[in-house]
Amino acid sequence: MTAPKTKVGKAIEVLLWIAALAVLAENIALFRENRRLREAAAPQIAAGVQLRMLSGLALDGRLEPVRLPSAASKLLIITFSPGCPACQANQERWKNLASMLEAKDVRVLWVSRDPIDITRVYCLKHGIALSDTLADPPYRTYVQLGLARVPNTLLVGAGGTVEKVWAGRLDPNGWNAMFSYFGERQEAVSAARGEIGAKPSGCGPSSADASAKNCK
């Protein structure tokens, strides 16, 4: 009589584990759906907003204020999350845009809404200069930059006024419009980057942890 009871007990244990895993999977699905709905309902940052007292964590852990542009300069802020598929889809063209704007003396700042550790891994993987990146910003900055919804690409002018917003994952027409706004064509920028990359720079495949500034 003992053996049948043991088999029944094992069967019940297996069923309980299956039920527990099903509940866990359902909770994860609900969490993701709730987050998606919260992000969809969050207000979208818009042109005309004036940004004040922005800050974030530098990737060495220091709280760093954001220097807003003077009358003669501009600042491009790219907001992202390392785990965001739309951000990853934008990444290659963001890099093209950043290279082009740096040549025009426009500062580019990458702001991650996530913690330092995963932001650093993302930056190293994609060649983003760590010195141009802030992570895990305080609530004041999180709200002002609309970080509940990423990705966003913001052009900021004098006094911290947002002059232009390109929201979400951009399609080819959206990218063409953005590059045209800055007086460039995507194809020309991509070709220029290819020529630069063809020159010996001392950054081989083993230098994946080098920053973008060190690999120009």
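Output the number of residues of the stretch 18-51 satisfying the condition of being at pLDDT 75 or above and more than 28 Å from ARG107 (Cα to Cα).
7
Specify which of the listed residues (LEU59, LEU54) is surrounded by 19 or more Cβ atoms within 10 Å (Cβ to Cβ), in contact with a Leu (Cβ under 6 Å, 6 or more places away or on another chain) and either at pLDDT 95 or above or not assigned by TED's automatic domain parsing to the domain that holds GLY183 (or both).
LEU59
So which residues in the stretch 85-97 are buried (at least 21 other Cβ atoms within 10 Å of the Cβ) and hydrophobic (A, V, I, L, M, F, W, C)?
Answer for the stretch 85-97, where residues must be buried (at least 21 other Cβ atoms within 10 Å of the Cβ) and hydrophobic (A, V, I, L, M, F, W, C): CYS87, TRP94, LEU97.
The values are calculated or read from the model by the stated rules, or taken from the named source; none is laboratory data. Bear in mind that the values here come from a model prediction, so they are computed numbers and not experimental data. Note that we place each Cβ from the backbone using ideal geometry, even for glycine, and neighbour counts take in every protein chain shown.
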